[in-house]
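Have a look at the structure below, then the notes.
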Amino acid sequence: MIQEKYGDYELSSYDRVALTLPDFTVSDQDVAAEMERIAARHATNVTIDPHPVRADDLVLMNIKTREGENPFPGLTHDNVDVQLGVGSLPEEAEVALLGHEVGDVVEARFPYVDYSQVASEREAPADGGCGVGEAGEPETVELVSRMEIVALRRFVTPEITDAWVAKNIALSSTVEEFRERTASRLLRERRRAYANNVEYLVMDEIGKRLKGELPAEVVGQVVKQMMREFDRFLEQYELDRAAYLAIQGLDDVAFAERIDRDARDRVAQDIALASWATRYGIELDDSDIDFMFGEPTPERTYEARVEAEQSGQIDTFKDLALRAKVAELVTRDALFLTPDGAEDKGFKHEIDAKYRKQQMVRAHATSDPMLKPPLVPLR
């Protein structure tokens, strides 16, 4: 367990954590923008005066597409509104439309990569073929679209009036009621979002109380782990490290410093939470450990735990479980203050709601059906 791993570290204080919350005030501009966004969802399309098609027009069209002599359903529609410039049509089709007028029929040809006949690895025959292209490669075919320009359109957002609000907005009959309810909802959402992440701030506060130097060897291991995680992220999204760091405004030195700082913070938090657990006698039970496996994929709670035990990784998950349990207890007990120093008792409700939802997930992930081994039919 993590206590044995790090030894007898102590904190400068084991008092409850006190955090000052930000000012959650919602501005008039925020409320107005949200009301406009909601109204925009009720926007309607209206026909506008004809003009040569532009790259950002909304075009009402009849489109018929064929692959050879066969209709291509994915691009065959009557009286469909198509927004240009957002990828709704192949680029060749959009370019062909530019400059044409209402009533014109425009033809466009473009390639289409057909993956529909490519077998998955599980289904692929032993020779690797799948009947299309060579060695399982998808086939590229040519599609031909004929597009009749019926009309040019635009979205019109309704004016927010008392009559419109009464008809379209639940529990509001006037613009002022709509504004008040919108402001109240935005405020709740901001407080809830902060509550969902405040645990990290609590752990950071506990980490700052750690006395003594961090174990250099452990910090080095965490740095290597974080670098591996970062490289897997780059590989997954086929990103170049130098280009990605440039986008983030970092060079190699600044990036290395950030990784080292994050590693130190993580280690400090782990040791501090372990020290807190020792001080207050916080111990794990099986449901705490099972939840580490069941939270992401409840249907694999049993299998994942068995795999961890067989591979010798169970102690790592026990450490994670202890970290999560102590972090929850400390967060639930924390004192949350408004910017002027008064206790924000209402924020406790947001914290409780966060953990109630987590408890529901926990109850499902650690229920008997998820923990019992899968039934194997007898032969």
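Here are the numbers:
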item: Region 271-305 residues near the modelled Y14 label - backbone nitrogen below 19 Å, point 7 Å along Cα→Cβ; result: 271-284
item: Listed candidates (i) 137; (ii) 279; (iii) 166 - label of the one calculated as volume of the Cα convex hull per residue in Å³; result: (ii)
item: Label-to-label distance, nm, for residues given as E257 and V113 (7 Å Cα→Cβ offset); result: 4.2 nm
item: Most to least packed among 45-51, 101-107 [average Cβ atoms within 10 Å]; result: 101-107, 45-51
item: Angle between the chain longest axis and helix 175-208 axis [Cα atoms, degrees, rounded to 10]; result: 40 degrees
item: Contour minus Cα-Cα distance for A55 and E36 (0.36 nm per residue); result: 4.3 nm
item: Given K211/K348; K224/K354; K208/K354, the pairs whose alpha carbons are separated by over 27 Å; result: K211/K348; K224/K354
item: D231 accessible area, 1.4 Å probe, all protein chains in place, Å² to nearest 10; result: 60 Å²
item: Between helix 216-236 and the chain: long-axis angle, C-alpha atoms, 0 to 90°, nearest 10; result: 10 degrees
item: Solvent accessible area, Å² - S88, 1.4 Å probe, full protein context; result: 70 Å²
item: Distance between modelled label sites at Y280 and L187, nm, 7 Å Cα→Cβ extension; result: 3.1 nm
item: Solvent-accessible area per residue for the chain (1.4 angstrom probe, square angstrom); result: 62 Å²
item: Pairwise FRET efficiency - D162 versus E238, Cβ, R0 = 51 Å, nearest 0.05; result: 0.45
item: Inter-probe distance in nm under a simple model that places probes 7 Å from Cα toward Cβ, at D333 and L21; result: 2.1 nm
item: Rounded tilt (10° steps) of 28-40 against the dominant C-alpha axis of the chain; result: 50 degrees
item: Carbon + sulfur, % of accessible area of region 2-69 - ligands and nucleic acids excluded, 1.4 Å; result: 47 percent
item: Pairwise FRET efficiency - T140 versus N79, Cβ, R0 = 30 Å, nearest 0.05; result: 0.50
item: Portion, in percent, of the accessible area of region 174-292 that falls on carbon or sulfur, probe 1.4 Å; result: 47 percent
item: Residue with peak Gaussian network fluctuation, the chain [Cα springs, cutoff 10 Å], from A40, A256, A272; result: A256
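The values are calculated or read from the model by the stated rules, or taken from the named source; none is laboratory data. Computed from a predicted model, the values in this text were never measured in an experiment. Backbone-built Cβ (ideal geometry, glycine too); neighbour counts: all protein chains shown. With ligands, DNA and RNA removed, areas are computed over all heavy atoms of the protein, side chains included. Shrake-Rupley method; radii C 1.70, N 1.55, O 1.52, S 1.80 Å.
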